[in-house]
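Have a look at the structure below, then the notes.
The values are calculated or read from the model by the stated rules, or taken from the named source; none is laboratory data. Predicted model, so just to flag it, every value in this text is computed and none were measured. Note: ideal-geometry Cβ built from the backbone for every residue, glycine included; neighbour counts use all protein chains shown. SASA here: full protein model, heavy atoms, side chains in, ligands and nucleic acids out. Shrake-Rupley method; radii C 1.70, N 1.55, O 1.52, S 1.80 Å.
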Amino acid sequence: MIRKIITIDSEKCDGCGLCVNACREGAIGLSCGKAVLLRDDYCDGLGNCLPACPQQAISFEEREAAAFTLNVDSKNEAAAGKCLQNWPLQIKLVSPNASYFNNCDLLIAADCTAFCYKNFYDEFTKNHITIIGCPKLDAVDYSENLANIFSANNIKSITVTRMEVPCCGGLEWAVKEAVKKSAKHIPVKCVTLSIEGCVLSTEEE
């Protein structure tokens, strides 16, 4: 049948992923760092994703497409908030000027924490913009990039999740140092997890 459906300009798309979160039907996903239409029949043609795209990479077209089918699984997942709101995730790859940072609650997670803690998504990632890193593996000072993010955006709060191991201290230090460099008052909560997958401590500043 001929019907209205979205089309995505891959040249304009910067892979921020905001359209993925805006599409409650699960029609849009990320592939190789770009937004793509996964299934014609999941696109309802209403365009909830259009205003979410800061690059204006999404538009309508009329073409032959399968009839719209309600994606029940995606609806339930979206209602539960179980989808990432941004891409990329690595601290060293994100742009400080990415639009999803402004007015967000930010989670800065050590790489290992998501695999260690059973309820990581529901307790930490949900309703947060998430970026991750490992100061030992990357062998870089994250504080400069983080300070640029904090300076360029209105960050409402920061949650840091780290492991109890000493190398994770570098991530916590980088976040606190970056807040100082930004000269902003941003509430910071640091949650330390044990290697057994339990919360050892929670500190707030």
- prompt: Does residue 76 meet the test of being open to solvent by 70 Å² or more (accessible area, probe 1.4 Å) and modelled with pLDDT of 85 or more?
  reply: no
task: Give 118, 92, 126 a once-over and let me know the one that is open to solvent by 20 Å² or more (accessible area, probe 1.4 Å) and within 16 Å of residue 172 (Cα to Cα).
output: 92
- prompt: Taking only pairs six or more apart or across chains, which ones have beta-carbon atoms under 6 Å, a first residue in region 179-200 that is closer than 22 Å to residue 166 by Cβ and β-branched (Val, Ile, Thr), and a second residue that is assigned to a loop (DSSP other than H, G, I, E, B) and open to solvent by 20 Å² or more (accessible area, probe 1.4 Å)?
  reply: 188/205; 192/164
query: of a type in the set (A, V, I, L, M) and either open to solvent by less than 20 Å² (accessible area, probe 1.4 Å) or modelled with pLDDT of 95 or more (or both), is that true of residue 131?
result: yes
- line: Pairing a residue in region 114-134 that is more than 16 Å from residue 101 (Cα to Cα) with any residue that is among the aromatic types (Phe, Trp, Tyr), where Cβ atoms lie under 6 Å and the two sit 6 or more apart in sequence or on different chains, gives 114/120; 133/142
task: All but one of (1) part of a loop (DSSP other than H, G, I, E, B); (2) open to solvent by 30 Å² or more (accessible area, probe 1.4 Å); (3) at pLDDT below 90; (4) of a type in the set (S, T, N, Q) hold for residue 56, so report the exception by its number.
output: (3)
Among the candidates 147, 152, residue that is without any contact (Cβ under 8 Å) to a residue 60 or more places away in the chain and crowded, with 21+ Cβ neighbours inside 10 Å: 147
- prompt: (1) open to solvent by less than 40 Å² (accessible area, probe 1.4 Å); (2) modelled with pLDDT under 95: which one isn't true of residue 110, the others all being true?
  reply: (2)
- request: Looking only at region 36-52, count how many residues are assigned to a loop (DSSP other than H, G, I, E, B) and open to solvent by 20 Å² or more (accessible area, probe 1.4 Å).
  value: 5
Region 8-35, subset open to solvent by 50 Å² or more (accessible area, probe 1.4 Å) and not in a loop (DSSP other than H, G, I, E, B), residue farthest from residue 96 (Cα to Cα): 31
